[in-house]
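Data first, discussion second: the structure below is written as structure tokens.
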Amino acid sequence: QEDDFRIKPYKIVETPNGLKTAFVSLLDINPNGIPDTHPDNVKGFVFYNPFEKAQEYLFLKDSSDLFIMVNHMGFEEDVKLANQLPAESVNLIIGGHSHTKVDKDQIHNGIMITQAERKLKYATLIKLTVGPEGKVNREMELLTVGKKGNTRADIQEMVDAYNNNPALTQTIAIAEDDFSNYEEIGYLMMDALRKGTGADIALINPGGVRISELPKGAVRTRDVYEMDPFGNEIVQYNLSGHEMRNLFLSAFTLDENMPIYPSGMATRYLLNTDGSLKDVELFTTDGDPFDMNKMYKVVMNDYMASTYKYDHKDPGQGLFRPTAETTIDYLKELKNIPSYKGMQRVEIVK
């Protein structure tokens, strides 16, 4: 029941030899005061500044033999945190969120920081040894996760049942070329939304594209759900060019200085010398400057509709159509997916 739901602020685990290890987990919060997720997913929760909260749990260093943070903040933020904490106050930070590949010791202010990229390509073997005087020796090694090895039959059976589900293995289109980055896949997804809804423009946040590679050949239903696994629905707006520019300017910081992937238009991001955003210029697909006073039919996922805060008049209308299913329907009709290799709809100028 909801009243019984509790999140423990920390956990101390004691091993059979009496060694006590304290664990605390910190989340990065965006300018809207929540983690990078749909606001509906965190209704009823309150989030605090992780850098301030970390200070409140430093007492665990004195009540345990090892103090470990398991964070979802990003590597750079973990480094920033380590440098703000007292030296050697935490033995280890195991990080995530930025998908950083840490393949050698990273010690900052006496605190080891690790991260193992994404999608189980790697695993970090960490060895912590506590000496008689309480001194901690730390070693880490980044290991490649292979496709061979011991398996648990019951878990393999569940995985096979998912992978072999006919509804997911159905071929819906053929890709003529490899897709080799998030941008190319994002452009494909937005072409599907734009053409599937009859909109002028379709936009997706960079975090809404969850795979960076798609090999040429058969594209299955499962591939689309791996691109777009969130269950988002489409929201339609009538926006002027000025309002779209407001959206791009607002989203850049929220999306950790990454651009939106568009369909039906192109953009040029102009950056200041410190990497902050100075301006965004909008262009038609022919490279002509946008008519900023014209109204455009724009579609996006409901995460963007709920999260981005920018000046616009139209409150938007939900189409009650899931983004992934719209992509699937589009690819079934398209049948042959043309090459997107080298396609560039976003330019970043420093």
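What is the sum of charges around residue 297, taking Lys and Arg as +1, Asp and Glu as -1, for the other residues whose C-beta is under 12 Å from the C-beta of residue 297?
On the way: positive: 194, 294; negative: 200, 314.
Computed value for this residue: 0.
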5 angstrom amide H check on residue 19, placed H, neighbours 5+ away
none
Only Cα pairs within less than 10 Å get springs; with that Gaussian network setup on the chain, which residue of 229, 16, 50 has the largest fluctuation?
16
Projected onto their principal axes, the Cα atoms of the stretch 215-300 stretch, largest extent first, over whole-Å spans of 40, 33, 25
Quick one: if you take sqrt(5λ) for each eigenvalue of the C-alpha gyration tensor of the stretch 2-144, what semi-axes come out, biggest first, whole angstrom?
25, 20, 15
Normalised alpha carbon radius of gyration of the chain [divisor 2.2 N^0.38 Å]
1.14
Order 146-153, 125-132 from most to least packed using the mean count of other Cβ atoms within 10 Å.
125-132, 146-153
Considering only DSSP beta bridges with both partners in the stretch 164-349, what is the antiparallel share in %, to the nearest 5?
75
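Of the DSSP beta bridges with both residues in the chain, give the percent that are antiparallel, rounding to the nearest 5. Could you put the intermediate results ahead of the total?
On the way: 41 of 60 bridges.
Within the chain, antiparallel bridges account for around 70 percent of the total.
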Under a 10 Å cutoff between Cα atoms, tell me which one of 35, 166, 259 has the largest fluctuation in the Gaussian network model of the chain.
166
Could you give the angle, 0 to 90 degrees to the nearest 10, between helix 75-84's Cα long axis and the longest principal axis of the Cα atoms of the chain?
40
Going by alpha carbons, how many degrees (0 to 90, nearest 10) lie between the helix axis of 182-197 and the longest principal axis of the chain?
40
Cut-off is 10 Å between beta-carbons; in what order do 268, 6, 245, 321 appear when sorted fewest neighbours first?
6, 268, 321, 245
Cα-based reach from residue 127 at 29 Å (exclusive), listing lysines while leaving out same-chain residues under 8 positions away:
8, 11, 20, 53, 61, 80, 101, 104, 119, 135, 147, 148
Along its principal axes, what span do the Cα atoms of the stretch 126-227 show, with the longest given first and each in whole Å?
70, 34, 22
Compare 187, 122, 308 in a GNM of the chain, Cα atoms joined below 10 Å, and give the one with the largest fluctuation.
122
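Tally Lys and Arg at +1 and Asp and Glu at -1 over the other residues with C-beta under 13 Å from the C-beta of residue 318: what net charge comes out? Write out the running numbers ahead of the final one.
Details: positive: 321; negative: 40, 233, 302, 314.
Result for the local shell: -3.
For the stretch 164-349, state the semi-axes of the equivalent ellipsoid (square roots of 5 times the eigenvalues of the alpha-carbon gyration tensor), sorted largest first and rounded to whole angstrom.
On the way: eigenvalues 150, 66, 45 Å².
Square roots of five times the eigenvalues give 27, 18, 15 Å.
Ranking request for peptides 53-65, 198-210: highest mean number of other beta-carbon atoms within 10 Å first, then the rest in descending order.
Values: 53-65: 15.0, 198-210: 20.4.
Sorting 53-65, 198-210 by mean packing, highest first, produces 198-210, 53-65.
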Just order 340-348, 111-119 by mean Cβ neighbour count inside 10 Å, highest at the front, would you?
111-119, 340-348
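Bear in mind these aren't lab numbers, they're just calculated from the coordinates by the rules spelled out. All values reported here derive from a predicted model rather than from experimental measurement. Because the Cβ atoms are built from the backbone with ideal geometry, glycine has one as well, and the counts that use them run over all protein chains shown.
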